[in-house]
2 protein chains.
Amino acid sequence: MSAAEEELEQTGPARVSLLFSPAGREFRVPPDVSVFDAASWNGIAIDSTCGGHGTCRKCKVQLTAGTSPVTPSDERAFTPEELAGGWRLACLVRTVTDLEITVPPLVTRPKAATVGVGRQVILRPGVQKRYLELTEPTLADQRTDLVRVLDAIDDLEPTPDLHVLRRLPTVLREADYKVTAVVVDETLIDVEAGDTTGRRFAIAYDLGTTTVVATLLDLGTGTPVAVSSVLNQQQPYGGDVISRISATMMDPEAAGRLRELAHATLRDLAQEVCLEGGVAPEEVYQVALAGNATMTALVLGVDPEPLGVAPFVMSTAGWPPVPAAELGLTLHPGARATLFPALGAYVGGDVVAGMLASGMDRDSRVRLFIDVGTNCEIALADGERIVATAAPAGPAFEGGSIRCGMRAAEGAVEVVRLTPDGQAEDAVALEVIGDVEPRGLCGSGLVDAVAELVRVRLMDASGRFVTEEAAAEIAPALADRLSTVGLERVFVLHRPAPDARPEDGVYLSQRDVRELQFAKAAISTGWSLLLEELGLAEGDVQQVLLAGSFGSYLSASSAVRIGLVPKLPVLRVVSAGNVAGEGAKMVLLSSRERAGADALLEEVRYVELSDRPDFNDAFVERLPFPV
Amino acid sequence: MSAAEEELEQTGPARVSLLFSPAGREFRVPPDVSVFDAASWNGIAIDSTCGGHGTCRKCKVQLTAGTSPVTPSDERAFTPEELAGGWRLACLVRTVTDLEITVPPLVTRPKAATVGVGRQVILRPGVQKRYLELTEPTLADQRTDLVRVLDAIDDLEPTPDLHVLRRLPTVLREADYKVTAVVVDETLIDVEAGDTTGRRFAIAYDLGTTTVVATLLDLGTGTPVAVSSVLNQQQPYGGDVISRISATMMDPEAAGRLRELAHATLRDLAQEVCLEGGVAPEEVYQVALAGNATMTALVLGVDPEPLGVAPFVMSTAGWPPVPAAELGLTLHPGARATLFPALGAYVGGDVVAGMLASGMDRDSRVRLFIDVGTNCEIALADGERIVATAAPAGPAFEGGSIRCGMRAAEGAVEVVRLTPDGQAEDAVALEVIGDVEPRGLCGSGLVDAVAELVRVRLMDASGRFVTEEAAAEIAPALADRLSTVGLERVFVLHRPAPDARPEDGVYLSQRDVRELQFAKAAISTGWSLLLEELGLAEGDVQQVLLAGSFGSYLSASSAVRIGLVPKLPVLRVVSAGNVAGEGAKMVLLSSRERAGADALLEEVRYVELSDRPDFNDAFVERLPFPV
């Protein structure tokens, strides 16, 4: 047994449930992350000035169900009574068991916020406000309204947009020359009556092909005020980017319609988070959007066809800031949207946002970043250089081509655990989303099932189910699960009734295994070729970040076991969460981070796999499962 | 008799008519300007590379009716047969008599164009085109569409706007990578299929309170393609800026409606000049607009109220370039409009454009610039310094408060000549616009009439008609023209029939004279205080430029005679034509000139008259007419 497998045995692949009060929101998070990070990723604001590094002792929370060991820092931060009452520093509580957590209201206004994968961002938002009390004009002081305002702002030298020039005469006089100047980046976008400095907000969007997430940020405190996610309304045009591109090629109306649907999705989310956060849309002055190249093209009304056919060329890598109205949003009239640049047609703005959030450019370790999905984006950094590529993993992880496949929704099997030598009725343990009757198999369940079948040797390294005779010998308690549906061999994970036919339950077919095998071969070919590019070996990798909505819920141990990621101790395989959304938050909280995102375009070298002569050899070599 | 009066006797106040073929357009122009300038002001393109300075010998025209002396340059440029056939260099033909002029088609593409008051502008338009033949992308060359285009442009480094990024993928592929890049200032606004470098146009607008003029320019040659003018559709809201500002103060709907009317006016003109010039609206890439501060505020949707009440404060002096759509125009989607900055609430962008066109900042002479109108703008430059102010002249020049006043339209008396000692029937000679029965008196006719009455001593210096007894003695042929309408004394200029009552004809009343007197006193107070500011005397002025649609048609001699301008030899009083429109053309033809317009903001010192304690004294002192 390898070191990785030993660690795997100890930690197990289970997900942990966290219920936060008073927000009343529950999340399923990967094991062994900090409660502070888990809260932050999900938009629950916990007080902190050190950014979750265990030094400021401000991230006090109370565990009202479940417990966590008392650390020396906890002992310094709390009285024995408080410790007994469940009080802990959130940054030191690891997610090992289910927890219920009460979060006190914020008491400090942090100068820094923790976002991304443990990244601490010094607050320096592009949105700035200055309250001004101006002297009234006279015949002896006929300075224009604009000059009067600009003269009163000491530390910024913005240029006005047309909107503010239109409003200036009216607002200055109605507000008796007591106004708040609103500056976004270098632009004066408004003057508001009275002192509104306490109110400045922005929305960070993660525009996924499947799911779209919006986070409303209070730019004064750096904390999320409301988070919401919905399915991308473009779904009727297909589940993946290729189907949506195809739609635009076949139907001249489709591009316009897809754009409208993207706009409607973003608009609905904006309404929702503003309502939930008690924020007027006009108080939202900036937007950041991270999406893959196709989603970005579609939302802006750019023809995506060249992204879908060789040689896969983008209109542009970077985008100028666009009026938020160009995304269909009705926020502040001067609000502008920042769109993440893309490294290639299949290494889009979402990946750049993810790389920013995970600090791929600011770490001396050898780190591998994998955003797992239909298209799988991979980046490798060694502290000096960064290379990135895309691997066509196919729809296995979305459940698209899997017989019993489904999305990670209620009824999906997400964890599988096989016990080959016990009682038949306990031999298959499933975790199902929503704790209901299993309806299908989502991506993480698929990986788990295959990893377990390989582990208990009911499947050989080539990915073939063993014969029924061999099964009876190797795993007697599981042997009767091997069956057939039509002409195809299957492994039955769940039978609705003891005498139900295999096809009435949830099963894994031989072809499903092949789909997964192709996907994992494509992905591992991707990172192995990137390692080659930098002259590194698999063992040199010090950390693997699994990103994307799928990657976050993928079991690290199963990912190691099937060879999706390099063979590392499982603790070094980190579920990074929704890194694209985190990146989008970062650029809103800090202009410096936004410059960092643009700088990634220069720093990262894109490696195109599809014209490499050695790709096919490497791919075939990577098909077998490690045993 | 003074020197000025002597010169006046020689030149006379008559207007000259020029008929251009093959354009088939006729213009009435001030005497003693060059045919080249007169053509240029009115949008008739005559070949030239030197810009009308008599050196390039390219501005060959044929006089088919009327004649002009042969100059030494003409002798070098033409054969004796050609000279006999009426061929002349247009820049050397002065407008002394009516002429019919045949203009040959353009043979050279001038590197410079003559615009403004004899200003030669080196062509360097903000709109640039570059034809590119690009290599197609491959898997080995996955440069983005944008980078592919930018790499192929050697001499410019534009940044793209969203519109071009949207179109790039489609256009590049449809045009087989043979495209024309369209750059406006620093922005790449389009790529067009094929080679369109020969087609680039812009529209210069003079947005007057009364009249709006549009000139469609071919930016490749620097020549006007079509010119059109219409009444400002805002007219129903009042004839002057104060009535329009009042309308917005009394009716909350008025501002929006006035904006729409301004947009409709500009839009109609754009359609007209594009149609006439055979230019598609999408081939118009830039717009320049010169208007006074109120017109500019109204067209942009800025509340004009603070411009109308003390202390007369503007929203801003300068404007950022705005999308042409913000002016209601549907031209190229990336077209932007440049608006002239203003020096004060009553020294607007039209005056800055006029100062640019007349080179107020580039001449070592002491020059006085007067834009005559309801609001009269005055600037004085001495080669080093420029000061400017506004004088409230009132509506006399627009005919608004004059009994028989009317605009300079068909039927308006524009020239008056009195012969006091001849036959009664020849004693009053009138020039009437359109050569029809006189219907009223326009501004220039008003000034002429008063100047003539003072000259023949039927009016004394205080502006009072002499008694009937005195009249019979001084000017027997004119004495019966002195009459009364109601209780007011009048001078009858035109009687429709010998026995018609004075009120049935065209007459000048005592109150009309007072109106003019107040106007001229305000204007001359303005320039006399500016002279004082620079420590100069009236005699130091070397040139007076009379600008504005009214100023252009004002007789120089009459203006001198009533004291509207300093007492100078009449040849030094130059009708500058529509200088605002010329300035608008200049900034389109040359980015350097546009920078010059912005620089005027820094160079010119605005002098507010309304809070000067010495204004009223100076005003009273200036009421009498010089005799």
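The values are calculated or read from the model by the stated rules, or taken from the named source; none is laboratory data. A quick note: this is a predicted structure, and the numbers were derived from the prediction, not measured. Here the Cβ is made from the backbone with ideal geometry for all residues, glycine too, and neighbour counts use every protein chain on show. The accessibility values were calculated without ligands, DNA or RNA, using every heavy atom of the protein model including side chains. Shrake-Rupley method; radii C 1.70, N 1.55, O 1.52, S 1.80 Å.
Among the residues of the range A:166-182, just one is within 8 Å of chain B (Cβ to nearest Cβ) and in contact with a strand residue (DSSP E or B) (Cβ under 9 Å, 6 or more places away or on another chain), namely A:Leu168. In the range B:362-377, the qualifying residues are those that are outside any strand (DSSP E or B) and touching a helix residue (DSSP H, G or I) at 6+ places or on another chain (Cβ under 6 Å), and the one that is most open to solvent (accessible area, probe 1.4 Å) is B:Thr374. Put simply, of B:Thr265, B:Thr296 the only residue that is open to solvent by less than 10 Å² (accessible area, probe 1.4 Å), within 14 Å of chain A (Cβ to nearest Cβ) and within 21 Å of the chain's Cα centre (by Cα) is B:Thr296. Taking the range A:137-150 as the search range and keeping residues that are open to solvent by 30 Å² or more (accessible area, probe 1.4 Å) and outside any loop (DSSP other than H, G, I, E, B), which one is farthest from the other protein chains (Cβ to nearest Cβ)? This residue is A:Leu150. All conditions but one from (1) within 14 Å of another protein chain (Cβ to nearest Cβ); (2) surrounded by fewer than 21 Cβ atoms within 10 Å (Cβ to Cβ) apply to A:Ile153; the one that does not is (1).
Every listed requirement among (1) of a type outside the set (A, V, I, L, M); (2) within 23 Å of B:Ala393 (Cβ to Cβ); (3) part of a loop (DSSP other than H, G, I, E, B) is met by B:Ser444 save one, (3).
Note on the range B:151-173: residues that are charged (D, E, K, R), more than 41 Å from the chain's Cα centre (by Cα) and either within 17 Å of A:Thr248 (Cβ to Cβ) or not in a helix (DSSP H, G or I) (or both) amount to 1.
Taken over the range A:54-70, the criterion of being open to solvent by less than 60 Å² (accessible area, probe 1.4 Å) and modelled with pLDDT of 90 or more is satisfied by A:Val61, A:Gln62, A:Leu63, A:Ala65, A:Gly66, A:Ser68. Any idea which of A:Arg407, A:Arg464, A:Arg403 is at pLDDT 90 or above and open to solvent by 60 Å² or more (accessible area, probe 1.4 Å)? Going through A:Arg407, A:Arg464, A:Arg403 in turn, the sole match is A:Arg464. Please verify whether the range A:282-293 includes one or more residues that are within 14 Å of chain B (Cβ to nearest Cβ) and more than 23 Å from the chain's Cα centre (by Cα). Within the range A:282-293, none of the residues are within 14 Å of chain B (Cβ to nearest Cβ) and more than 23 Å from the chain's Cα centre (by Cα).
For the range A:584-595, the criterion of a residue being in contact with a Lys or Arg (Cβ under 8 Å, 6 or more places away or on another chain) and among the β-branched types (Val, Ile, Thr) is satisfied by at least one position. Going through A:Ala353, A:Ala342, A:Ala325 one at a time, which residue ends up being assigned to a helix (DSSP H, G or I), within 23 Å of A:Ser591 (Cβ to Cβ) and within 19 Å of the chain's Cα centre (by Cα)? Result of the check over A:Ala353, A:Ala342, A:Ala325: A:Ala353.
Take the conditions without any contact (Cβ under 8 Å) to a residue 12 or more places away in the chain, open to solvent by 10 Å² or more (accessible area, probe 1.4 Å) and farther than 27 Å from A:Phe340 by Cα and apply them to A:Ala500. Does it pass? Against the criterion (without any contact (Cβ under 8 Å) to a residue 12 or more places away in the chain, open to solvent by 10 Å² or more (accessible area, probe 1.4 Å) and farther than 27 Å from A:Phe340 by Cα), A:Ala500 qualifies. Could you tell me whether B:Gly308 is within 14 Å of another protein chain (Cβ to nearest Cβ) and either open to solvent by 20 Å² or more (accessible area, probe 1.4 Å) or modelled with pLDDT of 95 or more (or both)? It is true that B:Gly308 is within 14 Å of another protein chain (Cβ to nearest Cβ) and either open to solvent by 20 Å² or more (accessible area, probe 1.4 Å) or modelled with pLDDT of 95 or more (or both).
Among residues of the range B:209-222 that are on the phi > 0 side of the Ramachandran plot, those with a Cβ under 6 angstrom from a residue that is in a strand (DSSP E or B), sequence gap 6+ or separate chain, pair up as B:Gly222/B:Ala113. Among the residues of the range A:156-183, just one is more than 21 Å from B:Trp319 (Cβ to Cβ) and open to solvent by less than 10 Å² (accessible area, probe 1.4 Å), namely A:Thr180.
Residue count for the range B:314-341 under the criterion of being open to solvent by 20 Å² or more (accessible area, probe 1.4 Å), more than 7 Å from chain A (Cβ to nearest Cβ) and over 16 Å from B:Arg594 (Cβ atoms): the result is 4.
Quick check: anything in the range A:386-400 among the hydroxyl-bearing types (Ser, Thr, Tyr) and either closer than 30 Å to A:Leu188 by Cβ or assigned to a strand (DSSP E or B) (or both)? Checked against the condition, which is being among the hydroxyl-bearing types (Ser, Thr, Tyr) and either closer than 30 Å to A:Leu188 by Cβ or assigned to a strand (DSSP E or B) (or both), the range A:386-400 yields at least one hit. For the range A:267-303, give me each residue that is closer than 24 Å to A:Glu377 by Cα, touching a residue at least 24 places away in the same chain (Cβ under 8 Å) and hydrophobic (A, V, I, L, M, F, W, C). Within the range A:267-303, A:Ala288, A:Leu289, A:Ala290, A:Ala293, A:Met295, A:Leu298, A:Val299, A:Leu300 meet the criteria.
Number of residues in the range A:78-102 that are within 19 Å of A:Arg25 (Cα to Cα), open to solvent by 30 Å² or more (accessible area, probe 1.4 Å) and in contact with a Leu (Cβ under 9 Å, 6 or more places away or on another chain): the value is 3.
Listed here are the residues, each with its yes/no results for (1) touching a strand residue (DSSP E or B) at 6+ places or on another chain (Cβ under 7 Å); (2) among the small types (Gly, Ala, Ser); (3) over 24 Å from A:Leu589 (Cα atoms).
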residue	(1), (2), (3)
A:Ser228	yes, yes, no
A:Gln234	no, no, yes
A:Ile245	no, no, yes
A:Ala254	no, yes, yes
A:Leu258	no, no, yes
A:His263	no, no, no
A:Arg267	no, no, no
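The set of residues from the range A:437-451 being open to solvent by 10 Å² or more (accessible area, probe 1.4 Å) and not basic (Lys, Arg) comprises A:Glu437, A:Pro438. Selection over the range A:494-526 of residues that are assigned to a loop (DSSP other than H, G, I, E, B) and among the aliphatic types (A, V, I, L, M) gives a count of 2.
Please indicate, with yes or no, whether at least one residue in the range A:268-284 is closer than 29 Å to A:Ala310 by Cβ, not assigned by TED's automatic domain parsing to the domain that holds A:Asn375 and not polar (S, T, N, Q). For the range A:268-284, residues closer than 29 Å to A:Ala310 by Cβ, not assigned by TED's automatic domain parsing to the domain that holds A:Asn375 and not polar (S, T, N, Q): absent. Scanning the range B:169-188 for residues that are out of contact with any Pro (no Cβ under 8 Å at 6 or more places or on another chain) and closer than 24 Å to A:Thr294 by Cα returns B:Thr170, B:Val171, B:Leu172, B:Glu174, B:Ala175, B:Asp176, B:Tyr177.
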